[in-house]
Amino acid sequence: MRIIEKLQMDCDGITRHGPVNMVFLGDSVTHGNFEDGVFDYDAVYHARLARMLHRDYPMMPVNMINAGIGGITAKGSLARLDRDVLSHHPDLTVVCFGLNDINETLEEYTGALSTIFQTLRGAEIPTIFLTPNMLNTYVDEADTLPALMDYARFTCQCQTSGKMDAYMNAARACAAAHDVPVCDCYAKWQQMAANGVDTTRLLVNRLNHPTREMHQLFADELYRMIREM
């Protein structure tokens, strides 16, 4: 059953099929981390998406299951797939990794994504791969916490050297190989950068966490895809 069809069900349909369950598997951005140590679960993209779905499909209960963990990678999430995803029998799983995975090899990243996609496909769970935001393109000496300065230099180098682009290209190819549709928000960030937008200022920690307002981009793009699925 297409998820849009389930969202449009009446009370009889809900009685037969139950509410819509969506799982969001990812890292600190999915978790809801903004400034260092600050979590805002109302501002995170899947909470925004939930409000949009509740607005347009008010009869259907929609459960957003937050399976994001700060600091984790795709590889580090393999052992928790049963507990954090499959056990919820989701109607849709959104997978978003890449920001922390640059600390591991490209092969580890794509290998883990492949395992995740295969596992979800085997369980017949519709899946979207959500590409993350860009990293910082320069080190903001004024607004970066001193304790994060060294890592800011590392993430800047990953972004400006093309490493992050390479990881995203490989992730898109991996998703395509498994017939997983891609919600390509990274490309949206790239286009903003090409148009002269200072994308580092769109990162609330000046490293890798998008501002609250930029979470709306993820919500909008996912909403569009869900209506087309």
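Is it the case that some residue within region 3-19 is of a type in the set (Gly, Ala, Ser), farther than 17 Å from Asp220 by Cα and out of contact with any Leu (no Cβ under 8 Å at 6 or more places or on another chain)? Checked against the condition, which is being of a type in the set (Gly, Ala, Ser), farther than 17 Å from Asp220 by Cα and out of contact with any Leu (no Cβ under 8 Å at 6 or more places or on another chain), region 3-19 yields at least one hit. Checked against the criterion of being under 30 Å from Asp101 (Cα atoms) and either free of Cβ contacts under 8 Å to residues at least 60 places away in the same chain or in a loop (DSSP other than H, G, I, E, B) (or both), region 5-16 has no qualifying residue.
Exactly one residue out of Leu99, Leu120 is open to solvent by less than 30 Å² (accessible area, probe 1.4 Å), part of a loop (DSSP other than H, G, I, E, B) and either under 21 Å from Pro181 (Cα atoms) or aromatic (Phe, Trp, Tyr) (or both): that is Leu99.
Matching residues to (1) more than 19 Å from Phe24 (Cβ to Cβ); (2) open to solvent by less than 50 Å² (accessible area, probe 1.4 Å):
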{"residue": "Gln191", "(1), (2)": "yes, no"}
{"residue": "Thr200", "(1), (2)": "yes, yes"}
{"residue": "Asn208", "(1), (2)": "no, yes"}
{"residue": "Arg224", "(1), (2)": "no, no"}
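Mind checking which residues of region 186-229 are within 25 Å of Leu145 (Cβ to Cβ), part of a helix (DSSP H, G or I) and hydrophobic (A, V, I, L, M, F, W, C)? If the condition is that a residue be within 25 Å of Leu145 (Cβ to Cβ), part of a helix (DSSP H, G or I) and hydrophobic (A, V, I, L, M, F, W, C), then Trp189, Met192, Ala193, Leu202, Leu217, Phe218 are the ones that fit. Just one of (1) part of a loop (DSSP other than H, G, I, E, B); (2) at pLDDT 95 or above; (3) closer than 28 Å to Val204 by Cα fails for Asp143. It is (2).
Counting only residues that are over 16 Å from Lys6 (Cα atoms) and among the aromatic types (Phe, Trp, Tyr), which one in region 36-84 is most open to solvent (accessible area, probe 1.4 Å)? Step by step, filter region 36-84, then rank; the result is Tyr41.
Comparison of Val95, Val44, Val38, Val62 shows that the only residue that is among the hydrophobic types (A, V, I, L, M, F, W, C) and under 21 Å from Ala173 (Cβ atoms) is Val95. Of all residues in region 14-35, those satisfying the criterion of being open to solvent by 20 Å² or more (accessible area, probe 1.4 Å) and out of contact with any Phe, Trp or Tyr (no Cβ under 8 Å at 6 or more places or on another chain) are Ile14, Thr15, Arg16, His17, Pro19, Asn21, Glu35. Checked against (1) in contact (Cβ under 8 Å) with a residue 60 or more places away in the chain; (2) in contact with a Leu (Cβ under 7 Å, 6 or more places away or on another chain); (3) open to solvent by 30 Å² or more (accessible area, probe 1.4 Å), Cys174 meets all criteria but (3).
Screening Asp179, Asp143 for residues that are under 27 Å from His89 (Cβ atoms) and open to solvent by 20 Å² or more (accessible area, probe 1.4 Å) leaves exactly one candidate, Asp179. The set of residues from region 124-140 being closer than 13 Å to Val95 by Cβ and either assigned to a loop (DSSP other than H, G, I, E, B) or among the charged types (D, E, K, R) (or both) comprises Ile125, Pro126, Thr131, Pro132.
The values are calculated or read from the model by the stated rules, or taken from the named source; none is laboratory data. Values in this document were obtained by computation on a predicted structure and should not be read as measured data. Note that each Cβ is placed from the backbone with ideal geometry, even for glycine, and that neighbours are counted across all protein chains shown. Surface areas here come from the heavy atoms of the whole protein model, side chains and all, with no ligands, DNA or RNA. Shrake-Rupley method; radii C 1.70, N 1.55, O 1.52, S 1.80 Å.
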